[in-house]
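One structure is given here, and the rest of the page talks about it.
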Amino acid sequence: MKKIVLFSVFLIVGLIFSQIIPAELGKDVYGNVKYGIDTLLFICLAYIMINVGREFELDKSLWRSYTTDYFIAMATAAAPWLMIALYYMWLLPDGAFSDWDAWKETLLLSRFAAPTSAGILFTMLAGAGLAGKWIYKKTQVLAIFDDLDTILLMIPLQVMMIGLKWQLLVILAVVATLLIVGWKRLKKHKFNQSWWALVLYSIGLVAVFQGLYLFTKYKFGVDSAIHIEVLLPAFVLGMIMHTSHHTESGLEHKISTGISYLFMLLVGLSTPLFIGIDLDAAVSTTTIAGIPQMSWGMIALNVVIVTTLSNLGKLVPVFFYRDRPLRERLALSIGMFTRGEVGAGIIFIAIGYGLGGPLLIISLLTIVFNLILTGFFVVIVKKMSLKIYGKDDEAHCSVAAEASM
């Protein structure tokens, strides 16, 4: 529970300072600071995605049995995404539904609601004493698959943003190569997985792909640069590692958690100015960044609505796994409500494309609100599980929950 509260606190603190620092430092100095913030944020994101990839464990000989789970996970990620995209389109001025630019921007920004936070979910369910239960095992598969689906779908979403250019062929070739390597070499390599090694891998990945972007930007111009986000390369690197969680020390766990906190702070710091600016006079290269500012009351109302829509969309598993009781399927779906680092990473990528304005603020605050509610969601899952699996587990759940605090 402490981890979830701190996630929210760091994100909010970052949001506050993102509105103060630019004016205090001045445009020129802040430009350099912003570049450093973005670079450090990419390194943290790579570190987090490597760990997500390390959680990706399956028996390749039984790959057919995972196809149903993948399509359910894909639907579970798509439902909240599309519901929020449609709601954002409804919030835009009249005529937006016929504006392709508005559609592609809202589809990219609203993707933050698709992924479940696997790390938070696994930790809290295990802490609630549910490790080994069907709910825990199934959420492990679905949460990792919907993270993977989110990463893969970012490719066509980014293609929509940059258009059909020759760079697309390069990006698709890199993506295809990464996926083939990830599948063929799944859990094959016993790389060093200590925290400092993962940090070095993260720095290396960011250096390679940021270097590719800067080189192609220098040679062909900013509109023709090859920009491959670090999400998929880092995830695949984690996939091919022979996971050794049992060797993780207390110090390494604390450092990994600290990097997640830093990441949430940096996401907040990357938020564009939205307080005290004249939106009518501002020049925006994107459609949704130029919509009129909302009052804080309206923003709060929309945060509640978007949070509700994002979690209703996660109820998709209720309609599948019909061999399990309805209560168990509902508990599984509620467990998928957790959001966190991956969703925040999607918002950071959206910021990189110039998306801003009230919809960006609503999206960020929705993640904060959902993080605050996560403990409540897990308590519901625990109570439902006790009724499903019997009172014999109650003592074990209580002891495990206390140990996890």
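Things worth noting here:
- Within the span defined as the stretch 250-262, every residue fails to be modelled with pLDDT under 80 and touching a helix residue (DSSP H, G or I) at 6+ places or on another chain (Cβ under 7 Å).
- Filtering the stretch 127-170 to residues that are among the small types (Gly, Ala, Ser) and either modelled with pLDDT of 75 or more or open to solvent by less than 40 Å² (accessible area, probe 1.4 Å) (or both) leaves 127, 128, 129, 143, 163.
- As a summary of the residue check, residue 202 satisfies the conditions (1) outside any helix (DSSP H, G or I); (2) touching a residue at least 60 places away in the same chain (Cβ under 8 Å); (3) at negative phi except for the one numbered (1).
- Test result for residue 69, more than 20 Å from residue 351 (Cα to Cα), modelled with pLDDT of 80 or more and surrounded by fewer than 22 Cβ atoms within 10 Å (Cβ to Cβ): yes
- Among the residues making up the stretch 263-277, those that are modelled with pLDDT under 65 and closer than 20 Å to residue 92 by Cβ are 274, 277.
- Among (1) under 24 Å from residue 359 (Cα atoms); (2) buried (at least 21 other Cβ atoms within 10 Å of the Cβ), the one test that residue 46 misses: (1)
- Residue check for residue 113: among the small types (Gly, Ala, Ser) and modelled with pLDDT of 75 or more: yes
- Residues satisfying the stated conditions in the stretch 180-202, i.e. more than 17 Å from residue 252 (Cβ to Cβ) and among the hydrophobic types (A, V, I, L, M, F, W, C): 180, 181, 183, 186
- Residue list for the stretch 301-317, filter: buried (at least 16 other Cβ atoms within 10 Å of the Cβ) and either under 22 Å from residue 361 (Cβ atoms) or aliphatic (A, V, I, L, M) (or both): 302, 303, 306, 307, 309, 310, 311, 313, 315, 316
- Any hit, the stretch 318-341, residues being part of a helix (DSSP H, G or I), of a type outside the set (S, T, N, Q) and within 13 Å of the chain's Cα centre (by Cα): yes
- Look at the stretch 348-376: where a residue is open to solvent by less than 20 Å² (accessible area, probe 1.4 Å) and a partner is aromatic (Phe, Trp, Tyr) and part of a helix (DSSP H, G or I), sitting 6+ places away or on another chain with Cβ atoms under 6 Å, you get 359/88; 363/112; 371/7.
- Of all the criteria given as (1) touching a Ser or Thr at 6+ places or on another chain (Cβ under 7 Å); (2) open to solvent by 10 Å² or more (accessible area, probe 1.4 Å); (3) farther than 21 Å from residue 34 by Cα, the one not satisfied by residue 379 is (1).
- Among (1) among the aliphatic types (A, V, I, L, M); (2) closer than 22 Å to residue 343 by Cβ; (3) surrounded by fewer than 19 Cβ atoms within 10 Å (Cβ to Cβ), the one test that residue 41 misses: (3)
- Within the stretch 185-234, restricting attention to residues that are among the aromatic types (Phe, Trp, Tyr) and closer than 22 Å to residue 36 by Cβ, the residue that is most open to solvent (accessible area, probe 1.4 Å) is 218.
- Flag for residue 56 being modelled with pLDDT of 85 or more and either more than 29 Å from residue 241 (Cβ to Cβ) or in contact with a Phe, Trp or Tyr (Cβ under 9 Å, 6 or more places away or on another chain) (or both): no
The values are calculated or read from the model by the stated rules, or taken from the named source; none is laboratory data. The model shown is predicted, which means the values in this text are computed figures rather than measured ones. Every residue, glycine among them, receives a Cβ derived from its backbone with ideal geometry; neighbour counts consider all protein chains shown. The protein model used for the area step is the full one, side chains on, heavy atoms only, and it has no ligands, DNA or RNA in it. Shrake-Rupley method; radii C 1.70, N 1.55, O 1.52, S 1.80 Å.
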